[in-house]
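Read the structure below first, then the notes.
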Amino acid sequence: MKNKAFLGIDVSKGYADFLLLDQDKQVLEDPFQLNDNKAGRLKLSQIIDHWFSLGLNELFCGVESTGGYENNWFGHLQDLAVEQNIKIARLNPKGVKSVSEAALKRTITDAVSAENIAVYLIAFPEKIIYKDKSVKLDNTFKEARQTLTFKRMLTKQRVQLNNQLEKLLYQYFSETLVYCRNGMPNWLLEMLVKYPSAKQVSRASEKMLVRIQGIGSNKAQAILRKVQHNNQAVSEQIKHLISETAREIIHKKKLIEKEDSILIKRYEHHDQVKLLCTVKGIGPSTAIRILLEIEDINRFDSAKQLCSFFGVHPTFKQSGDGTWGSRMSKKGRPDIRAALYMSCLSAIRSDENTKQLYVRFRAKGMNHYQAMGVVMHKRLRIIYGVLKNQTTYDPRIDIQNIETANQKREETEAKIQELKLTKKRRAERYSEGGTEAPISRIAAQKRKKQEASQSLLIKENTGLPPA
């Protein structure tokens, strides 16, 4: 048995496949499968003990993040790591998939997936963050993420019901859609439960409509004017669908609000929530939502990692003549970015530093959403600093950090430009230059500008015209 080995674990519902490789990607233990129960995990412990008895000194284990199915195996290996030299890491499935694609594998089985995981551990050690057994993670918010998942499911169902109701209204009660441009209001849903067709609404008096919360006298009169010329026949089945769909949307909204209130009631007095609420624009609900997503700030080694996790980091692509500018990656969950966006809108109104940041980037030519992306990125860096240092938000410290960062950025940009120029010259050391090659119009323009710049530089340094 080699001193160092890599265990790839492909997790499925109810079982997992295992494959052990050495540093040279040679198989040390043929693929095997264990059930995800007490007996299966006990057998894994015995197998690992046997490997160490044969001379193994280090065991690196990897599991893909599979929505929670990996937790039992991950937790079991964490317990084993207390007494043995075992390192365990959760892996991004996208990275593991790239290994398979790069190897041009056409057949994917559970055993092959386990091999891909082990190969990823060997090939990209710098990309992997192993769980440090000396660091105790705060699991306070871990279980509450199940509530968050439940709420996300309810929200998805509500959106689907909204879309279905809107289609029904478009066909049979289009007069109401004028009120749905910014979402479907509660008063409209309540009205549709009682009066699911234009004829039923027209038969209801103003007195009956104003009994619905959110409908005043003027709105009731406007609704009655809109429906008075609608003579479309609507079957009882369609009326039933409209009424029940509206009723179910109301029910989903109440369930979502209930789950929100449960989370707020349980965590609003938590120390980390109070600490995060010192950041202007962040209230208890948003603070809890962010902490549920982060779980423990010690999972992230830098603010850049946190921004990447939330999907607000910029992306840049350049190939040949084409250049794609920086854009928000949006790789993380959209609902948490929505909560962060609303927090930043509030901060622009209440925090002078955030407002100045927004105004400065708008003045540079960015539109509203581009500038908001910058503000969201900045807000996450503040959140990282507050949670990592366990100190309340202080605008004065933020100003000092901005000044220091600006100075460092100027120095860094100068070094980067110099490095880029050096690399470019190095890459083009055998190139003849000029515009005689069959290059594109854009590349020709770039070369002309470069030649003009070099000629000007020679003239300034020597005082002589270029040769």
Per the filter on the range 171-187, residues under 19 Å from GLU257 (Cα atoms) and either touching a residue at least 40 places away in the same chain (Cβ under 8 Å) or not assigned by TED's automatic domain parsing to the domain that holds LYS254 (or both) are MET184, ASN186
Of (1) within 17 Å of GLU248 (Cα to Cα); (2) buried (at least 18 other Cβ atoms within 10 Å of the Cβ); (3) under 37 Å from the mean Cα position of the chain (by Cα), TYR195 satisfies all except one. Which?
(3)
Name the pairs: first residue in the range 314-340 and hydrophobic (A, V, I, L, M, F, W, C), second residue at pLDDT below 75 and assigned to a helix (DSSP H, G or I), Cβ to Cβ under 6 Å, at least 6 apart or on different chains?
none
Would a scan of the range 240-253 turn up a residue that is modelled with pLDDT under 95, surrounded by 17 or more Cβ atoms within 10 Å (Cβ to Cβ) and either of a type outside the set (D, E, K, R) or within 43 Å of the chain's Cα centre (by Cα) (or both)?
no
Output the qualifying pairs, or none if there are none: Cβ atoms under 8 angstrom, residues six or more apart or on different chains, first residue in the range 198-217 and free of Cβ contacts under 8 Å to residues at least 24 places away in the same chain, second residue in a helix (DSSP H, G or I) and surrounded by 18 or more Cβ atoms within 10 Å (Cβ to Cβ).
GLU206/ALA220; LEU209/MET191; LEU209/VAL201; LEU209/ALA220; LEU209/ILE223; VAL210/ALA220
Take the residues in the range 98-122 that are modelled with pLDDT under 90 and among the charged types (D, E, K, R), then tell me which one is nearest to the chain's Cα centre (by Cα).
GLU101
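Can you tell which of VAL234, VAL279 is touching a residue at least 60 places away in the same chain (Cβ under 8 Å), hydrophobic (A, V, I, L, M, F, W, C), closer than 27 Å to LEU165 by Cβ and crowded, with 18+ Cβ neighbours inside 10 Å?
Working: VAL279 fails: closer than 27 Å to LEU165 by Cβ.
Only one candidate passes the filter, namely VAL234.
When you look at ARG152, is it basic (Lys, Arg), under 19 Å from ALA339 (Cα atoms) and surrounded by 18 or more Cβ atoms within 10 Å (Cβ to Cβ), yes or no? First the steps, then the outcome.
Numbers: basic (Lys, Arg): yes; under 19 Å from ALA339 (Cα atoms): yes; surrounded by 18 or more Cβ atoms within 10 Å (Cβ to Cβ): no.
Taking the combined requirement at face value, the residue does not satisfy it.
Can you report the number of residues in the range 381-437 which are assigned to a loop (DSSP other than H, G, I, E, B) and under 34 Å from the mean Cα position of the chain (by Cα)? Steps first, please.
Step one: filter the range 381-437 for residues assigned to a loop (DSSP other than H, G, I, E, B), giving 390-394, 428-437.
Still in the list and also under 34 Å from the mean Cα position of the chain (by Cα): 390-394.
Number satisfying all stated conditions: 5.
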Answer yes or no: is there a residue in the range 239-256 that is in contact with a Ser or Thr (Cβ under 9 Å, 6 or more places away or on another chain) and more than 17 Å from ASN186 (Cβ to Cβ).
yes
Just to be sure I understand, how many residues within the range 392-417 are at pLDDT 90 or above and exposed (fewer than 13 other Cβ atoms within 10 Å of the Cβ)?
0
Taking the range 144-170 as the region of interest, how many residues are farther than 17 Å from TYR267 by Cβ and either in contact (Cβ under 8 Å) with a residue 12 or more places away in the chain or not assigned by TED's automatic domain parsing to the domain that holds TYR195 (or both)?
12
Return the total of residues in the range 98-131 being surrounded by 14 or more Cβ atoms within 10 Å (Cβ to Cβ), in a helix (DSSP H, G or I) and in contact with a strand residue (DSSP E or B) (Cβ under 9 Å, 6 or more places away or on another chain).
13
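Find the residue count for the range 4-16, including only residues that are within 18 Å of ASP49 (Cα to Cα) and not basic (Lys, Arg). Steps first, answer last, please.
Taking the range 4-16 and keeping what is within 18 Å of ASP49 (Cα to Cα), we get 4-9.
With not basic (Lys, Arg) added as a condition, the list becomes 5-9.
Qualifying residue count, the range 4-16: 5.
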Among the listed residues LEU42, LEU34, identify the single one that is free of Cβ contacts under 8 Å to residues at least 24 places away in the same chain and either surrounded by 14 or more Cβ atoms within 10 Å (Cβ to Cβ) or closer than 11 Å to LYS2 by Cα (or both).
LEU34
Determine whether the range 76-97 contains at least one residue that is touching a Ser or Thr at 6+ places or on another chain (Cβ under 9 Å), at pLDDT 90 or above and assigned by TED's automatic domain parsing to the domain that holds ARG181.
no
State whether the residues of the range 44-57 include one that is at pLDDT below 95, assigned to a strand (DSSP E or B) and not hydrophobic (A, V, I, L, M, F, W, C).
no
Quick check on the range 172-208: of everything there that is polar (S, T, N, Q) and in a loop (DSSP other than H, G, I, E, B), which residue is nearest to SER235 (Cα to Cα)?
SER197
Conditions (1) surrounded by fewer than 19 Cβ atoms within 10 Å (Cβ to Cβ); (2) not in a strand (DSSP E or B): number failed by ARG90:
(2)
VAL227 β-branched (Val, Ile, Thr) and farther than 29 Å from LYS151 by Cβ
yes
Within the range 257-284, considering residues that are assigned to a helix (DSSP H, G or I) and under 25 Å from HIS313 (Cβ atoms), the one nearest to the chain's Cα centre (by Cα)
LEU276
Tally time: how many residues in the range 13-50 are aromatic (Phe, Trp, Tyr) and within 20 Å of GLY75 (Cβ to Cβ)?
2
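The values are calculated or read from the model by the stated rules, or taken from the named source; none is laboratory data. Note that this is a predicted model, so its numbers are computed, not measured. Every residue, glycine among them, receives a Cβ derived from its backbone with ideal geometry; neighbour counts consider all protein chains shown.
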